[in-house]
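The values are calculated or read from the model by the stated rules, or taken from the named source; none is laboratory data. The model shown is predicted, which means the values in this text are computed figures rather than measured ones. Note that each Cβ is placed from the backbone with ideal geometry, even for glycine, and that neighbours are counted across all protein chains shown. With ligands, DNA and RNA removed, areas are computed over all heavy atoms of the protein, side chains included. Shrake-Rupley method; radii C 1.70, N 1.55, O 1.52, S 1.80 Å.
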Amino acid sequence: MRIKRIGFFVLLLFSFQGMAQQPVKTGREVPAGFCISPLEAKLYKMINDYRLRYDLPVIPLSRSLCFVASTHVKDLYFNHPDVEPCNFHSWSNKGTWKPFCYPKDENKKNSVWDKPKELTNYKGKGYEIVYWENNAVMIDSIIAFWRSIPYFNSFLMNTGKWQGKKWNAIGIGIYENYACAWFGELPDAEPSPAVCGATAEQNAVADTLKSRQDKEKSKEKPVPAPVPASPGTKPSTAPGKQEISKQVPGLYYIIVKSQYPIADMNKSLADLKANGYPDARLIERDNKTRLSIMEFQLKAKADSALREVKKKFKDAWILSY
């Protein structure tokens, strides 16, 4: 009996040793049928068109980082790991990944920026920017918001902390009222992702030459003429009576409120006009109403004004298209 027990423990020991010698799997294959939505492909193009205006190179679209981005926006929407003290970069405990509360867990061995290594075979770190609004996101709102905030814009333009760095991969994810972009310095060995429901020709979303041609065509477009301000309007005391203007292409609007009930928006508009903001107005595009406090033809002037406006309206941002 004693000999059998010794034999059992020796066999168990060898079994544990064999398990310890198994390599730790750090990544996994992106599902074969994975594709990105047309909206995600459009946001990818808008980011690169913005970069090309300043002679920055196109960032290759990464299948791996797109999968990470897609996974994360769905986790944010369905599981809401972004509850204090965690922020938008956090991951829930309801998936096949390690949960992570950012920045609370950042001092532990693993980093939230290692998610691409965990979820895919991408070898480098990924760095994320996130967008959220209280309704399904609109593509113009995402890019306008990221461009208007220096922290987010530094990712798009390789400025600030990222100056001198080169992005060799980018992933885009959009789901309901969340959007995110993941940036990586290492190239992705995977081919570019397909666009869901698109033909092979339409799937050429990373065509650098076409983007550069678009850039040259945009230079030939005439500068839009100034839009005359509406005649002075006295503040309305009857919510719902204010006129709503259509958004004008080529202008930069400083937005201080968005997507509230129309009665609330009209009251805020009347209050702004009564308190020294005569150019304030409601603008509408794609069935979304926003409250603009002022508008400009030049981005530099809008940026300068935004810095002052944010002293009083901390959530103000620039909208353009």
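Per residue, how much accessible surface does the range 27-169 expose to a 1.4 Å probe? Answer in Å², no decimals.
45 Å²
For labels at residue 107 and residue 287 in the simple 7 Å Cα→Cβ model, what's the distance in nm?
With each label placed 7 Å out from Cα toward Cβ, I get 4.8 nm.
Given R₀ = 35 Å, what would the calculated FRET efficiency be for residue 114 paired with residue 314, taking r from the Cβ atoms and rounding to 0.05?
Efficiency at R0 = 35 Å is approximately 0.60.
Determine the order of 127, 50 by accessible area, beginning with the largest, at a probe radius of 1.4 Å.
Result of the area sort, largest leading: 127, 50.
Filter 267/288; 267/314; 74/104; 257/310; 115/165; 45/98 down to the pairs with a C-alpha to C-alpha distance above 23 Å, please.
Violating the 23 Å limit, Cα to Cα: 45/98.
Quick check: the distance between the Cα centres of the range 117-143 and the range 149-184, to the nearest angstrom?
8 Å
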